[in-house]
Amino acid sequence: MDPILVARHLTKVIGKRTIVEDVSFQLQPGEVFGFLGPNGAGKTTTIRMLVGLIKPTAGDVTICGFDVRRDFEKALRNVGCIVENPDLYRFMTGRENLEHFARMLSVDASEIERVAELVALAHRLDQRVGTYSLGMRQRLGIAQAMLGSPRLLVLDEPANGLDPAGIREIRELLRRLAHDQQMAVFVSSHLLGEVELMCDRVAIIHKGTLLREGSVADLISSRREMEFRVDDIAHASEIVRAKGLQFRADTDRLWISMEENDAPPLVAALAGEGIAVYHAQRHVETLEEMFLEATGGETVD
Amino acid sequence: MFVPLVQNETLKIIRRKRFLIVMAILFAILSVITFAQSRQLRWRSNRNWRADIQQRISRMQEAVRRGRMNENWARYMRAETNRLQFYLDHDIEPDQPTAPLFVRAFANVAGFLLLPVLVAILGADIVSAEASEGTDKLLLTRPVRRWKVLASKLVTLWIFATLTLLCGALLAYIISAPFLPRGGWIAPTFTGFQIARGEFHLDGVRQLPLWKDTLIAYGLDWYALLAVAAIALALSVLFRSSVAAIGTMLAALIGGTILTQVSPDWTTGKYLFVSALPLADYYTGRPPPYEEMSMVFCIALLAVWALVALIAAFAIYVRRDVFG
């Protein structure tokens, strides 16, 4: 299957600062792709290059086989996007906003009803966007992005401003669009948990470069650990190493990659060696820890 | 594909209430002037216009003779005495307070500052507002090339500049009609007064009915407004902030107008677009602020400014990176 989006060696240098360096990835139809990174990592700059708002210093972007810079109109016909904030015309109503963008795409007016239904905004469509909450503007932004049934959705932090119920709705909507209609969905986020729930594949960006790329299962879910607090770290480390488990340690804690079911026997084994175990609990690695580790922060094998 | 874009821009100007503001300003200013005119009419209704004109001429001649005024004013006064004398010689009253003449005078009075300011209000934020409100990110990620987006903004601005001029003329008539005599469209007027090297030339003077003269004056205003719109668009592209764009445009218009009046010795001023804006005035017989400016020069100057502005606007808009 041909990829919908191909980004090759994207680099953006402004002045002497390299904001994005050699970022490459692909999106296949039917997948939700998470673009994960802390604020200021270069997520938005990358997105702006994907949709042609800024010109890459090096590298190129192809959407459905069309180069974004050379065949802008053909490439962008396949894209719906929100960049940074869902900034729509506040002095116009939701419907006028959708009509505005529908005219630019020359799509039918019936499309407006369809996309408004999808994001459950039909009842507020005739009010001015200025009166909308951030969550409603986010939903209107997504509706706008879905006008004309694009093959690629590019959404920058789509969960921003939504309440938990709204986030769940959007998550389900995006997964449905990807899996039922074979769209490719590109979602950026700085929240690990969100990406884990929404995406099939993830790329992690930090300081402008891609740290890792892979399936969510490989990158995040496998990184589930148990945290143990013990009195004798050195002794405990020996025992754990002897069992062939992957772990990290600091002065009084061990983080061991293992399933919860395997915890009671380990606690028993530690206790049998005379080590006091003060607590044992599930530990989901935070994004920050992941970055620390990937960028060579303190890690013990 | 282009018409829907113009439709979009039109909707935005209307929803932003820009045109409403322009209409309100026109209405307010025209009402005040009409009020003043009708008072003046009552005051001098029983006076002899010939004596009146004669008195104005001798006052101006006296002032010129006494000297002590800047060269610009002196030239204007000399031109004006000659014009009035010409009307007097032909036994035609030049400045009757009638509604048609009010409409005609509006072309001169508003053409060099008021109408350009109104067009600046309409145009200076047509691009920069999208940048400051963040909507350009959506506008420019739709499958429409950037030059088409900007061209649609230019066309929309030209449409609204035209509407502003038409509404100005229409409002001038509607507001003044109840207070001033309504007829007089066929009253004779003279055009084609020329000064070259201090000499007053009458060979080019022609007599036209007022309606024809009015159409020509508004045509010249229209041409100048299209150039102003192009310059406003370029500033709007250049500045990301609407306030900066409008401020610069107003400063250029007002500052330029003052400059041409206070420092006539700095002849480079003739290359400023503001010097060429009062086309309708020059057509009526008022000398341009700098000796060497002819009508053709003014028209060409505006064309060059507009062209350069548009080339810069398009070149920048099509290439630049859109950041948040």
Suppose we flag GluC sites (Glu not before Pro) only when DSSP calls them loop and at most 12 other Cβ atoms lie within 10 Å. Which is the longest uninterrupted stretch of chain A? A:1-258
Taking only Cα atoms and a 10 Å spring cutoff, compute GNM fluctuations for chain A and point out the largest among A:Val129, A:Val185, A:Val13. A:Val13
For chain A, state the semi-axes of the equivalent ellipsoid (square roots of 5 times the eigenvalues of the alpha-carbon gyration tensor), sorted largest first and rounded to whole angstrom. 43, 22, 16
For the stretch B:73-157, just the Cα set please: Rg and Dmax, both in angstrom. 22.7, 67
Would you mind working out the magnitude of the charge dipole of chain B relative to its Cα centre, with +1 at each Lys and Arg C-beta and -1 at each Asp and Glu C-beta, to the nearest 20 Debye? 700
Under 23 Å between alpha carbons, and skipping anything fewer than 8 positions from A:Lys16 in its own chain: which lysines qualify? A:Lys43, A:Lys55, A:Lys207
Sum -39500 (n - 2.57) across every DSSP H segment of at least 4 residues in chain B, then divide by the residue count to get the 222 nm mean residue ellipticity, nearest 500. -23500 deg cm²/dmol
Counting only other residues whose beta carbon sits under 11 Å from that of A:Arg151, what net charge do I get with K and R as +1, D and E as -1? 0
Hey, what's the stretch A:20-70 come to in accessible area per residue, 1.4 Å probe, Å²? 31
Return the whole-Å distance between the Cα centroid of the stretch B:247-278 and the Cα centroid of the stretch A:158-195. 57
A correct Kirkwood calculation over the Cα atoms of the stretch B:1-137 returns a hydrodynamic radius in Å of 19.1
Taking the Cα atoms of the stretch A:178-276, what is the range of coordinates along each of the three principal axes, in descending order and whole Å? 57, 32, 20
Just counting partner chain Cβ atoms within 10 Å, what average do the residues of peptide A:71-81 show around their Cβ? 3
Specify the inter-centroid distance of the stretch A:106-127 and the stretch B:282-324, based on alpha-carbon positions, in whole Å. 44
With unit charges on the beta carbon (Lys/Arg positive, Asp/Glu negative), name the residue among A:Gly244, A:Phe228, A:Ser215 whose Cα is farthest towards the positive pole of the charge dipole of the stretch A:200-251. A:Ser215
Rg/Rh of the stretch B:150-242 (Cα atoms, Kirkwood Rh), to two decimals, equals 1.12
How long is chain B along each principal axis, judged by its Cα atoms, biggest number first, in Å? 69, 45, 30
Quick one: which bits of the stretch A:30-62 get at least 50 Å² less accessible when the partner protein chains are in, versus the chain alone, with a 1.4 Å probe? A:Arg48, A:Leu53
Please state, rounded to one decimal and in Å, the Kirkwood hydrodynamic radius that the stretch A:94-135 gives when every pair of distinct Cα atoms enters the mean of 1/r. 10.6
Are there residues in the stretch A:102-118 whose accessible area shrinks by at least 10 Å² when all protein chains are included rather than the chain by itself, and which are they (probe 1.4 Å, ligands and nucleic acids not counted)? A:Arg103, A:Met104, A:Leu105, A:Ser106
Under 18 Å from a point 7 Å along the Cα-to-Cβ line of B:Val155: which residues of the stretch A:100-131 have their amide N that close? A:100-107
Could you check how much of the accessible area of the protein assembly as shown is carbon and sulfur, as a whole percent, using a 1.4 Å probe? 57
How big is the A-B contact in terms of buried accessible area, both chains counted, 1.4 Å probe, rounded to the nearest 100 Å²? 3100
Of B:Thr267, B:Thr191, B:Thr284, which is the most mobile in a GNM of chain B whose springs link Cα atoms less than 10 angstrom apart? B:Thr267
As an exercise, identify the trypsin sites (Lys or Arg not before Pro) in the stretch B:120-198 lying in DSSP coil whose Cβ has no more than 15 other Cβ atoms within 10 Å. B:Arg145, B:Arg182, B:Arg197
Quickly work out the A:Gln182-to-B:Arg145 label distance, labels modelled 7 Å from Cα along the C-beta direction, and quote it in nm with one decimal. 3.2
Solvent-accessible area per residue for chain B at a 1.4 Å probe radius, Å²? 46
Please report, largest first and rounded to whole Å, the three semi-axes of the ellipsoid equivalent to the stretch B:212-324, where each semi-axis is the square root of five times an eigenvalue of the C-alpha gyration tensor. 28, 16, 12
Compute the distribution of all C-alpha to C-alpha distances in the stretch A:58-162, in bins of 10 Å from 0, and list the percent of pairs in each, rounded to whole numbers. 16, 46, 29, 9, 0
Computed D for the stretch A:1-141, Stokes-Einstein, Kirkwood radius over alpha-carbon pairs, 37 °C, 0.692 mPa s, to the nearest µm² per second, is 195
To the nearest 20 Debye, how big is the dipole of the protein assembly as shown about its Cα centre, given +1 on the beta carbon of each Lys and Arg and -1 on that of each Asp and Glu? 3620
Where does the Debye-calculated log10 I(q)/I(0) of the protein assembly as shown sit at q = 0.09 Å⁻¹, using only Cα point scatterers of equal weight, no solvent? -0.83
Near B:Trp185, within a Cβ-to-Cβ distance under 13 Å, what is the net charge of the other residues, with Lys and Arg +1 and Asp and Glu -1? +2
Checking buried surface per residue: for the stretch B:1-41, which residues lose a minimum of 20 Å² accessible area in the protein assembly relative to the chain alone (1.4 Å probe)? B:Met1, B:Pro4, B:Gln7, B:Asn8, B:Leu11, B:Lys12, B:Arg15, B:Arg16
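The values are calculated or read from the model by the stated rules, or taken from the named source; none is laboratory data. What you see is a predicted model; the values in this text were computed from it and never measured. Counting neighbours? That spans all protein chains shown, and the Cβs are built from the backbone with ideal geometry, glycine included. These accessible areas exclude ligands, DNA and RNA; they are computed on the full protein's heavy atoms, side chains included. Shrake-Rupley method; radii C 1.70, N 1.55, O 1.52, S 1.80 Å.
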